[in-house]
Structure formats: C-alpha cells, structure tokens
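The values are calculated or read from the model by the stated rules, or taken from the named source; none is laboratory data. Predicted model only: the values in this text are computed from it and were never measured. When we count neighbours, we look across all protein chains shown, and the Cβ atoms used for this are built from the backbone with ideal geometry, even at glycine. With ligands, DNA and RNA removed, areas are computed over all heavy atoms of the protein, side chains included. Shrake-Rupley method; radii C 1.70, N 1.55, O 1.52, S 1.80 Å.
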Amino acid sequence: MPLADRSTNFAVIAGAGPAGLTAALELLRRSDIKPLVFESDSQVGGISKTVNYRGNRMDLGGHRFFSKSDWVMRWWQEILPVAEGQTDPSKPLRINYQRQVRDLIPGALASSSSEAVMLVRERLSRIFYRRRYFDYPLKLNASTLQNMGIVETLRIGLSYSHAQIIQRSPENSLEDFFVNRFGERLYRTFFKDYTEKVWGVPCQEISAEWGAQRIKGLSVTKAITHAVASRFRSSADTSQKQTETSLIERFLYPKLGPGQMWEEVARKVTAAGGKIHLRHRVIGLERSDQDISAVIVKDETSGTVQTVPCVHFISTLPVRDLTAMLKPSDETVIRIADRLPYRDFMTAGLLLKKMISADPRAAPNGMPPDNWIYIQEPDVKIGRLQVFNNWSPALVADAETIWLGLEYFCREGDQLWSMHDSNFLDFAAGELEKIGMIDRRDVLDGTVVRVPKAYPAYFGEYRDFDKVRAYLDGFLNLYPVGRNGMHRYNNQDHSMLAANSAVNSILNSGKGKSDIWGINAEDDYHEEIEAVA
Ligand SMILES: Cc1cc2nc3c(=O)[nH]c(=O)nc-3n(C[C@H](O)[C@H](O)[C@H](O)COP(=O)(O)OP(=O)(O)OC[C@H]3O[C@@H](n4cnc5c(N)ncnc54)[C@H](O)[C@@H]3O)c2cc1C
C-alpha cells in the first residue's frame, strides 16, 4: 500500500522525536496539511524517549522539563497536566532551572491517581570524588574543605594564586581557559577528566572560545567572596533563607518519564489524522536545485523501499545524513557535513537490592537522595549515575528495589560501544563496586541502551558549519529542525520552538524560514555535561 495519498496536502517529517512530533501536532492544529512521520526507531520520543525494561523505565540522560518559553510550558501542560497535590493551586507554581526562576499559573490540575500527569520535582545532584560527596555546584564550605583535606586545599589555593599572577597567553585551548581562571590544580581535580570523558578529546584540543561561550559567570573570586560573606551573615537572615529556598531547582517531570510526553503527543497526532510510521527509515531524497521532490523510505521490518512524493519536508535527521542524501556538488559542503563531530552515549540500567553508603542522607537501603551524581573518580570510565527512583517513583516496578542508570560517554564503534551487552553490564557493575557504591552480588537485573549522536559537538569541522547551513537554506521546501537536525545543543524546548517556527513558515508560504536558526543561538550551554562548574 502506498504510504502517501497523493490527493491530500501533506508534509513529510523525518523523525518522531520532540521536534518532529511538535511539528506534526502543530500542522494538524493549525492547518489542513496532514503530517506523514517516518521514524526509524520502534518507539517515539527520540533521545527523549523512555525505555521500558520489564516495567522499569529509563530516562536517557535525565530530562528536566523547563523552558524560558511560556508557549512551551503551556504546550507541555496541555498534554500532561500537573498532578494535584504537587502544587498549591492558590499560588503560582515556582519552577527554577539554571539560575533562572519563573512563576507559572498551572493549568487545570489532574487527579494524582492518574498516570497521565506531570510531577514537580526538586533537583539534587552532587559530585562523587575521592569516594566522597561534594556539593554541586562546588561550594567553598566546611564540608568541601573537610573532603579535600587542608593540604590539598592549600595546594589548590597556591596554584590558583599562581595562575592569577602568571596567566597563560595566548589563551588558545580550553585547558588554557580553565587554568587561567581556576589554577592548574583545580583544573586537574574537577575539570580535566570529566571534560575529556564527555568529549573524548583532550582539553588542549578544544578551543578556549568554546569555554568562554559556555562557562560564563563562574569565578573562584566570586565563590570565595560568597563563602566569606556567608560566614558573617546571621543565620536568621530571612532574605538569605528565601534566596536559598529559591535556589532549590524545581522542574516538571512526566510521571512515567519524558517519553510519556511524546507518546501522548503521538496519540494526539494519530487521532487527528496524522500518520506515524515506526521502523521506517528515510534512506534517500530526490531533489531539484531548489526543492525536495520525494523521500525514499525503507520499512525496516519488511525491507520494502518506497518513494514518497513531498510538498514540504521537515527534517530532524542528523545534518550529516541529510546532507549526504542531498548529494551536494560542492566538495567543501560534503567534507564539512561528513566530518561534523558527535559524541555518543550508553546507559547501563542496573536493578539492585541495595547500595552501600556512608552518606547520612542515604535511605536505609543505601540509595542516595540525588537525581543524578557526577562521577569524578579518575579510575573509572562512568560519567554520571542516574537514580531513577528519585526522578519519579513510578519509573520503578518494585519500590523495594533501586533502579540506576550508569551513563558512559563514548564513540559509536569504540571499545565500550562494541562490548557485548552482558560484558558491558558486568563492567559497569564492576565500576560501581570499585568506587564502593555497591556490592555486585546485589545486582538483580540489567539492560543496555545505546544512543548514537547524543551530542552534536561544536569543535573540528563545526567551525565551517555556516557553509552547510547556506547549502541547506537553498532548498525552499526543506526545514531542518531539532537537535541533530540543526547540529545544535537543543534541549526539548528549543527543538519544539524550531519545529513551531518551521510550521509558521510553511503556513506563511516559506516566509520567516530563517527564524528557525535564531532559536537557541544565544542561549548558554544548557545540559550541564561538560564541566562540573
Ligand atoms: C544526556 C542528555 C540529557 C538531556 N537532558 C535534557 C533535559 O534535561 N531537558 C531537555 O529539555 N532536554 C534534554 N536533553 C535534550 C533532548 O534529549 C533533545 O533536545 C531532544 O530529544 C531533541 O529532540 P529532536 O526531535 O530534535 O531530536 P531527537 O530526539 O534526536 O529525535 C530525532 C528522531 O529522528 C529519528 N531518525 C534519525 N534518523 C532517521 C532516519 N534516517 N529516518 C527516520 N528517523 C530517523 C531518530 O530515531 C529520533 O527518534 C538531553 C539530551 C541528552 C543526550
């Protein structure tokens, strides 16, 4: 059966992640254009999907729902309302994230017994280093000094003073950037290993500009001033107490993980007449000089390949793949797109009876109170540890168990990525045992999820990305949107805003197309992955 009905006005959308599904629903809400979505995975949600393993749900990366955009906040709440009991309906709901605070008037609240709801969660994440917990962001307080020891603290202080007197000049690399601001010792302690774990590239090979863009407003002097000033503040200072309370980060979170949002959206798309074909991979494009005329799609189950004509094409495909499918004649465009860097990601889901912890804040079964923990230990490869129970208890099938996500940054095809699942689970459990968090005999079950192209990276050939963008902009009915779709660190909200902008442009006969690239162009780094700062 042909995938598209030629008599209807439709848009082909590649990818059923947040960007693709937002575009699909907005087209249905605001026009008579029918979206035809092709998704290569067997489920919707893209990187924001929830993986269900025997009733235990995994969120790949930990997705906080927060946006500066009112449109996005309302959009989410229309799909999944906030559960009763999560907020006082007579007061605005205070959400804060990345030092931004906003009050929302929540829409209608849903019964707390309903599954289709959002929870309001408080964030706790700490750094695990030297087999101890440090505050995140790092604070110059008694507990940090105690954890570091007086000798190490003095060394860090001396090295910081040295860096203030003798600056590395010119400041070329990210290493220079860190050392000039924090001193060699602090850089080696808290920044070097983690940054290199995440990006797989030595800090000397990443540009200093990259750090300047992302690590704004962070200064040791400010931290010391703050620490000293707080010593002199009265503990009864209520305004300070209020500030501290407002600094507790709160975000919205679907009860069954982020994928629940996108499964609900997919249901609405289908109910309104849109079509979503899972396990259908876009493998090629037919084009003229200015237009995409057809999309070639492979059904991954049957192997059938079909050519689907298209009027509008919204692509959330990685820019590298999209460009290759367009077969540009310009060798430079081919080279840049082909070498765009990505970082991939793997998570081992481990189900445990109990954990080991000397932390007074841990539960009786040893489970830490954190949503996630940055693992800074240099003797293991694990980057972060998610404690899914603390995101939403509903992610865990049996409340007596602990459901963890052990996150590894890697490269598709490298040694970690290629490990057999059972070996990888064994290795991951061994790492947690090595740093004293578990006894591996308490592991009940486990699974592995691989996420290719989780991070579009901003180094290497990316510096010439504008040439690729200009080439893509030459196709009048092509709308590249989303995270890998634009090769940009988009969070869900940015991907949604870009998709909405594409829909605006389609409904405006192509006007305002360049607005898409304006989204998230100025925002600071969002996901807090590259440096514990
Ligand atoms: C570790 C981590 C933590 C994060 N934390 C947050 C957070 O706290 N808050 C937040 O808002 N965001 C967060 N994000 C970002 C969020 O995951 C993404 O912004 C969002 O999923 C991007 O949506 P998208 O639709 O643009 O792309 P994707 O989610 O990548 O979806 C693209 C879809 O296209 C499909 N596809 C690819 N190639 C083809 C093909 N050839 N044919 C058909 N389909 C194809 C893919 O299978 C995928 O489903 C995080 C991301 C990571 C990696």
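Tell me the net charge near VAL449. Cut-off is 11 Å between Cβ atoms, VAL449 excluded, with +1 for each Lys or Arg and -1 for each Asp or Glu.
Value of the local net charge: -1.
Taking the Cα centre of the chain as origin, sum charge times position over the Cβ atoms of Lys and Arg (+1) and Asp and Glu (-1), and report the length of that vector in debye to the nearest 20.
Values: 66 positive and 66 negative charges, 172 e Å.
Once rounded to the nearest 20, the dipole reads 820 debye.
Averaged per residue, what accessible area in Å² does the chain show with a 1.4 Å probe, protein chains only?
Here the per-residue accessible area is 44 Å².
Please label the shape of region 33-82 as rounded, prolate or oblate, based on the square roots a ≥ b ≥ c of the eigenvalues of the alpha-carbon gyration tensor (a/c under 1.5 means rounded; beyond that, a/b larger than b/c means prolate, else oblate).
In terms of gyration-tensor shape, oblate.
When the Karplus curve 6.51 cos²θ - 1.76 cosθ + 1.60 is applied with θ = phi - 60°, which whole-Hz ³J(HN,Hα) does each residue of region 478-491 get, with x for Gly and Pro?
With the stated coefficients, region 478-491 comes to 9, 10, x, 9, x, 6, 6, x, 10, 6, 9, 5, 6, 7 Hz.
Show me, for region 282-298, the HN-Hα J-couplings you get by feeding each phi into the Karplus relation (A = 6.51, B = -1.76, C = 1.60, θ = phi - 60°), rounded to Hz, glycine and proline as x.
6, 10, x, 9, 10, 8, 9, 5, 10, 9, 8, 9, 7, 10, 9, 10, 10
Using the Karplus equation 6.51 cos²θ - 1.76 cosθ + 1.60 (θ = phi - 60°), what ³J(HN,Hα) coupling, rounded to whole Hz, does each residue of region 407-420 give in order, writing x for Gly and Pro?
Per-residue couplings from phi come out as 9, 10, 8, 8, 10, 3, x, 6, 4, 5, 4, 8, 4, 4 Hz.
Under a Cβ-Cβ cut-off of 10 Å, what is the net charge of the residues other than ARG123 that fall near it, where Lys and Arg count +1 and Asp and Glu count -1?
0
Considering only protein heavy atoms and a probe of 1.4 Å, how much of the accessible area of the chain is carbon and sulfur, as a whole percent?
51 percent
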